[in-house]
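Okay, structure first, notes after.
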Amino acid sequence: MIKIFPDRIKSISTKIALAFFLASAFPMVIGLGVLMWGANHIQPEQSASYFRYTILGIETGILVLGGITAWMVAQHLGKPLKALVESANAIAEGDHFRKIKITNNDEIGQLQQAVDLMRSSLKEQIDRLDNAVVQRTVQLTQLNEQLIHDANNDKLTGLANRELFCNELKKELGQYHKDNKHLISVLFFDFDRFKLVNDSLGHAVGDALLCSIADRFRNCLRKTDMAARFGGDEFMILLSPVESTEHAMEAAQRLLKLFEKHHLLDGRQITSTASIGLVTADSRYTTADQMIRDADTAMYQAKLEGKGRVVRFDQQMLEDTKFRLRIQEDLNSVLKKNQLRVAYQPIVNLATMKTTGFEALIRWEHPDLGWIRPDQFIEIAEDTGKIVEIGEWILEQAVNDILELNKIFAEHGHLFSINVNVAKRQLMCPDFMNNLRRLLEKTKIDPAVLKIEITESTIVDPRSGMSDIINEIRLLGVKIAMDDFGTGHSSLSLLHKFKFDVLKIDQSFIRDMDQNRDIGAVLHATIELAQNTGMAIVAEGVETESQVSALIAHGCDMVQGYYFAKPMFYDDVVEFLNTPQEYRSAA
Ligand code: C2E
Ligand code: CA
Ligand code: CA
C-alpha cells in the first residue's frame, strides 16, 4: 500500500481533514497565482470574465481533487477494514493460526491489534482446552481399561474370572466346531487342602496361597492357554490348542507335579496335592457350560478316588453325579416317607456254630430306583449331615427289633446281641451321647446287648477325638466293635491305644486268605494279639467252607458272611432262627 500520511499522524479524522485541506489548497494556490498573474497582464475590460473563469476553474479543481481525495481516503480506510472482516470470519470458522497484519497506525491499526490479541488469546485458550481434552481422554481410556480389567479379572489373583473364561471358551469351542483340528481341553483344578489352610492359618494366608497358585499357573502355561479363578480354590484352565486328550493329560500331570513343591507363606511351608478334572472338546459339546460342568464332575471324581490326581471325564461320571444329586435330594424325605428298612445279618459263633447276634444293615426302598445299597447313600448322607437323623432312626429300630426277638427266643435261653454301624458324623454330633442314654432308658435294653460298630478309618482320624467318645460309650455298658479292620492305615498298636470289645476283620482279608499265605500269618498274629487284650474277633465276608475251616484254625471267635446267611428283614430273621441250618454241622 502506498504510504500517504506520515507515521506521526495517528488519527483518522486528522488524516481526512489533512487530505481535504491539501486537496482544496492545491487548486486554491494555483488559482491565486493565476489571479495574480491576471491582475498584472489582463486588460481591465477583460478582467471581470477572467476572474470569473479563474474562480470557476478553482472551484472545479477543488471539486475534482476533493472527489479524488475522498476516493483515496475511502480506499485507505476501507481495505484494512475489509481484510479485518475476512480475518474475523476466518477466526470464527476456527482458523486461529493466521496472524492479523497491522497495516495502519490509526484507530484501524488499533482495531487490528485488538482483534489479533483476541485471536491469540482464543488460540491459547483453545490449545489449553485441547490439552485438557487429551489428558482427560487418556484418563478415561485408562479408567475404561481398568473397568474392563476389573469386570474380567479376579480381584485377588489377577487371573481371568468366570465371565472372561466362559467367553474365551465359547470362542475357542466355536473355532473347534469350524475346524476340529483346533482341539481344546478344559481342566478343573481344586487345591486339596485349601479349607484346612484357611481354617487353621487364617484367611490372609489362604489369600496368599491362592495368589501363589495363580503365579504358578502364569509361569507354566503357554501364552495361548488361559487360567481363571472361579471362586474359592477352584481354578479353570483352558489348554488351547492340544494335540489329543493324551497330550492334555500329560499337561495336567505336569501341572500336578508343579504343585508337589511347597508354597512358602508367612514363614510356613504349605504343601498340598491338587485334584484335576479334564475334559476335551468333542462334537457333543455345544456350550462352554457343558464342558465346565463335565470338567467339574471329573474333578469331583478325582477327589472321590483319593485326591492328588487327574481324572478324565467319561459319560458314566455324569450319570453318577446325576444319581448322587437325586439321592441327595430324596434323602431329605426318606424318613418322612418311611422308605428305610433294617436288614439283619447273623453273626455266628465258630465254637458252637450258633447265631449269637446280628449286624443291622440299612436298606432304602426307593419308589423309582428300587433297592438302594447303603454304600450308594450313606456317604452322601454323611456329607449332608442327614446321617445324624437317619442313624438315630436305625439305632432305635434295631434296638426295638432285637428286644422283640429276644422276647420271642427268651424261653430257649438265647440273648442275641445287636451290632449297629455308627458314622463318624453321627458320633461327633453333640447330641449323640444324650440320645443314646435316652434310648437305653426308654427301652430298658441291657446295654451289653448293644454293640456300636465304628470303622477303622473313623478311629484313626487324629482330629475326631474318638477316644473320649469311645470311653463315654463304654461307660454306659455299651460295647464297641472296631469295623473294617485292615482297610485303613492302622497298625496293631491301635489295639492298645483304644479299648475295643470286638475287632471285625474286613472281608478283603478273608477274600484273599486262600491265595495269600502271608495274610494267613498276619491274621493269626492279629487274632492272637486281639484276644490277649480281651477282644473278641469277628471275621466278615465269609463265603466258603474253606474260609470257615481256616478261621477256626486261626482261632477266630465269630464269623459273618454269605456262607451263613445274607442280611434279611426282621420277619425272615425269626424264620431263619426257627429253621435248622446246614452249616451248623459243617465244622
Ligand atoms: P459293613 O459294616 O462292613 O457291612 C458289611 C457289608 O458286607 C454289608 O454290606 C453286608 O451285606 C456285606 N456282606 C456281608 N457278608 C458278605 C459276604 O459274605 N460277601 C460279601 N461280598 N459281602 C458281605 P451292605 O449292607 O451293603 O453295607 C455296606 C456298608 O454300608 C457297611 O459295611 C457299612 O459300612 C455301611 N452301612 C450299612 N448299614 C449302615 C448303617 O445303618 N449305618 C451306617 N453308618 N453305615 C451302614
Ligand atoms: Ca459294619
Ligand atoms: Ca465291616
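Each reported figure results from applying straightforward, stated rules to the coordinates on display, with no laboratory input. Predicted model only: the values in this text are computed from it and were never measured. All Cβ positions, glycine included, derive from the backbone under ideal geometry; neighbour counts span all protein chains shown.
How high is the relative contact order of the range 85-159, given as a whole-number percent (alpha carbon pairs under 8 Å, six or more residues apart)? Could the numbers behind the result be given before it?
Details: 24 pairs, mean separation 16.0, N = 75.
Rounded, it is 21 percent for the range 85-159.
Distance between the 7 Å Cα→Cβ label points at Q146 and E545: 8.6 nm. Straight-distance candidates among the aspartates and glutamates for linking to K354, with alpha-carbon spacing under 18 Å and chain neighbours fewer than 8 residues away dropped: E411, E540, E543, E545, D557, D572, E575, E582.
From the Cα gyration tensor of the range 231-336, with a ≥ b ≥ c the square roots of its eigenvalues, which class applies: rounded if a/c is under 1.5, or else prolate if a/b is larger than b/c, or else oblate? Note, shape of the range 231-336 comes out oblate.
With contacts taken as Cα pairs under 8 Å at a separation of at least 6 residues, the chain carries a relative contact order of 8 percent. Let me make sure I get this right: for the range 280-339, a, b and c are the square roots of the gyration tensor eigenvalues over alpha carbons, sorted descending. Under 1.5 in a/c it's rounded, otherwise prolate if a/b > b/c, else oblate. Which is it? Since a/c reaches 1.5 but b/c is at least a/b, the shape of the range 280-339 is classed as oblate. Shape class for the range 435-587, computed from the alpha carbon gyration tensor (a ≥ b ≥ c): oblate, with a/c not under 1.5 and a/b at or below b/c.
Inter-part distance, the range 267-329 to the range 355-434, computed on C-alpha centroids, equals 32 Å. How much of the pair distance distribution for the chain lies past 31 Å, counting alpha-carbon pairs only, in percent? Within the chain, distances greater than 31 Å cover 70 percent of Cα pairs.
Sparsely packed loop sites in the range 59-163 (the trypsin sites (Lys or Arg not before Pro) outside DSSP H, G, I, E and B with at most 14 other Cβ atoms within 10 Å) comprise R98, K99, K101, K155. Contact order, relative form, for the range 1-160: 20 percent (alpha carbon pairs under 8 Å, 6 or more residues apart, mean separation divided by residue count).
Roughly speaking, what % of Cα-Cα pairs in the range 321-374 are separated by over 12 Å, rounded to a whole number? Walk me through the intermediate numbers first.
Values: 1018 of 1431 pairs.
Beyond 12 Å sits 71 percent of the P(r) for the range 321-374.
Cross-link list K170/K322; K181/K223; K322/K442: which exceed 29 angstrom alpha carbon to alpha carbon? The answer is K322/K442. Between L264 and W371, the C-beta separation translates, for a Förster distance of 60 Å, into a calculated FRET efficiency of about 0.70. To the nearest ten degrees, helix 107-152 and the longest principal axis of the Cα atoms of the chain are 10 degrees apart. Placing a label point 7 Å from the Cα of H496 along the Cα-to-Cβ line, the residues of the range 525-549 whose backbone N sits under 17 Å from it are 525-535. Here the label points at S11 and E411, each 7 Å from Cα along the C-beta direction, are separated by 15.3 nm in the simple model. For the chain, the longest principal axis of the C-alpha atoms and the axis of helix 374-384 are separated by about 50°.
Take the residue pairs K303/K479; K261/K386; K307/K479; K155/K261; K178/K261; K15/K82 and return only those whose Cα atoms are more than 31 Å apart. The answer is K303/K479; K261/K386; K307/K479; K178/K261.
Report, please, the projected area of the range 312-429 averaged over directions, based on the convex hull of its C-alpha atoms, in nm².
On the way: hull surface 40.4 nm².
Averaged projected hull area, Cα only: 10.1 nm².
Please identify the trypsin sites (Lys or Arg not before Pro) of the range 427-469 that satisfy two criteria: DSSP loop assignment and at most 15 other Cβ atoms within 10 Å. Which are they? List each step's numbers first, then the result.
Numbers: sites: R437, R438, K442, K444, K451, R463; in loops: K444, R463.
Those satisfying the criteria are K444, R463.
Can you tell me how much longer the chain between R284 and W393 gets when fully stretched, taken as 0.36 nm per residue apart minus their C-alpha distance, in nm with one decimal? Mind dumping the intermediate values first?
Numbers: separation 109, 0.36 × 109 = 39.24 nm, distance 4.47 nm.
Residue separation times 0.36 nm, minus the Cα-Cα distance, leaves 34.8 nm.
In straight-distance terms, cross-link reach from K195 covers every one of the aspartates and glutamates whose alpha-carbon lies under 13 Å from its own, apart from those fewer than eight places away in the same chain; here that gives D207, D233, E234. How far is helix 545-554 tilted, in degrees, relative to the longest principal axis of the Cα atoms in the chain, given as a value from 0 to 90 rounded to the nearest 10? Long axis of 545-554 versus the principal axis of the chain: about 80 degrees. Annotation note: GluC sites (Glu not before Pro) in the range 24-107 located in DSSP loop regions with a Cβ neighbour count of at most 16 within 10 Å are E93. Taking each residue as 0.36 nm, the span from N180 to H41 lengthens on full extension beyond its C-alpha to C-alpha distance by 37.5 nm. Projecting label points 7 angstrom from Cα along Cα→Cβ for S212 and R363 puts them 5.2 nm apart. In the chain, helices alone account for a calculated mean residue ellipticity at 222 nm of -18500 deg cm²/dmol, with every DSSP H run of four or more residues adding -39,500 (n - 2.57). Distance from the C-alpha centroid of the range 9-74 to that of the range 149-211: 104 Å, rounded to the whole angstrom.
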